[in-house]
Amino acid sequence: MDVRTDEIGDRIYRISTFLPQAAEGTGFTFNEFLVDAEEPLLFHCGHRKMFPVISSAVSKIISVDRLRWAWRASHVPDEVIAEIRRRQRNGAIELPKP
């Protein structure tokens with residue numbers, strides 16, 4: 001697994017995770033986006049098992065505890081939602097209402 005972080009705008013970061021074994025061995029890249037604002041937002045597109053890798057990449061930019069918002073793609077596995085809900089219950093993040 002290869003993780004790369006790029007600042008693509010002022011305090012806007014793309015966290016790209018390449019999984020070489022995905023997509024029948026041709027590989028697939030998941031992208032998360034972090035907006036380092038007064039109330040930081042993480043747009044998460046990967047799987048729950050990737051959360052430790054993503055949170056590690058985020059922690060190199062800001063403290064994960066500072067995350068205020070977590071957003072997800074429309075087709076996100078249930079395990080990602082479960083992780084976000086767990087963090088919400090612990091008071092670490094708050095989800096916006098649709």
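Observations on the structure shown:
- Label zone of residue 26 (point 7 Å out along Cα→Cβ, amide N under 16 Å): in the stretch 41-55 this covers no residue at all.
- Evaluated with a Cβ-only charge set (Lys, Arg +1; Asp, Glu -1), the stretch 2-89 carries a dipole of roughly 340 debye about its Cα centre, given to the nearest 20.
- Shape of the stretch 2-89, Cα gyration tensor, a/c cut at 1.5: oblate
Values quoted throughout were computed directly from the atomic coordinates according to the rules given, and no laboratory measurement underlies them. What you are looking at is a predicted structure, and each value in this text was computed from that prediction instead of being measured. Cβ: placed from backbone, ideal geometry, glycine included. Neighbour counts: every protein chain shown.
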